[in-house]
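In what follows, a single structure is set out as structure tokens and then discussed.
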Amino acid sequence: MLNPLFRLAALVLILISISFSGLANAEQKQKVGNYDIHYMALSSTFITPTIAKTYGIERSSYTGLVNITVLDTSQEGMPAVAVEISGIANNLLDARIDLEFKEIREGDSIYYIAQVPYRDDQEINFDISIKYNTKLNTSVKFKQKFYID
């Protein structure tokens, strides 16, 4: 049986590899002051069943994942920062879903992951609110089109 840190490292590597593979415009970044906010949305089927089980993620052709990471660019090494995060997702019919983010820590890395249901060829609009002490209070808005595998 693999230890939890190895599984988390595997999840991180999968998310990073997906962001570099160009899948559906997978990873994007927004710079706000001294902070880089990295965000991506993808189908949960891109993660392995073992990783999904470890982190309580539903792996389904009808479930997407939203991944958010905030880096402090004013610090050496651009460390990740723990933030307050909330968000909503809505489709073109304006069906609204409150996103429930889970914080995942692996070493110095901090990731916030939420699940979102979708249908084939459906575009989802995301509005994510991010706060970090008094230094950062912003929102990230983006859309992602999902397809059934």
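Might you tell me the accessible area per residue for segment 87-139, computed with a 1.4 Å probe and given in Å²?
Counting only protein heavy atoms, the per-residue value for segment 87-139 is 60 Å².
Given q = 0.11, 0.14, 0.15, 0.18 Å⁻¹, what are the Debye log10 I(q)/I(0) values for segment 61-149, with equal point scatterers placed on the Cα positions and solvent ignored?
Treating every Cα as an identical point scatterer, log10 I(q)/I(0) equals -0.35, -0.54, -0.61, -0.82.
Sequence-distant or interchain residues sharing an amide H contact under 5 Å with S60, placed H: which?
So S60 has HN proximity to S44, T45.
Step through the residues of segment 130-147 one at a time and calculate ³J(HN,Hα) from phi using the Karplus curve (6.51 cos²θ - 1.76 cosθ + 1.60, θ = phi - 60°), rounding each to whole Hz and writing x for Gly and Pro.
Computed from phi, the couplings for segment 130-147 are 10, 10, 9, 6, 9, 8, 8, 8, 8, 9, 10, 10, 7, 10, 9, 9, 10, 10 Hz.
Below 15 angstrom from the Cβ of K131, what's the summed charge of the other residues (Lys, Arg +1; Asp, Glu -1)?
It works out to a net charge of -3.
Could you name the lysines whose alpha carbon sits less than 24 Å from that of K145, not counting residues in the same chain fewer than 8 places away?
Reachable lysines: K29, K31, K102.
Hey, which aspartates and glutamates would be in cross-link range of K53, C-alpha to C-alpha under 14 Å, not counting anything within fewer than 8 residues on its own chain?
Within the straight-line cut-off, K53 pairs with nothing.
Per the 1.4 Å probe, what fraction of the accessible area of segment 59-149, in percent, lies on carbon and sulfur atoms?
Using a 1.4 Å probe with all protein chains present, segment 59-149 comes out at 42 percent carbon and sulfur.
The values are calculated or read from the model by the stated rules, or taken from the named source; none is laboratory data. Computed from a prediction, not measured in an experiment: that's the story for all the values here. So basically every Cβ, Gly included, is an ideal-geometry build from the backbone, and we count neighbours across all protein chains shown. These accessible areas exclude ligands, DNA and RNA; they are computed on the full protein's heavy atoms, side chains included. Shrake-Rupley method; radii C 1.70, N 1.55, O 1.52, S 1.80 Å.
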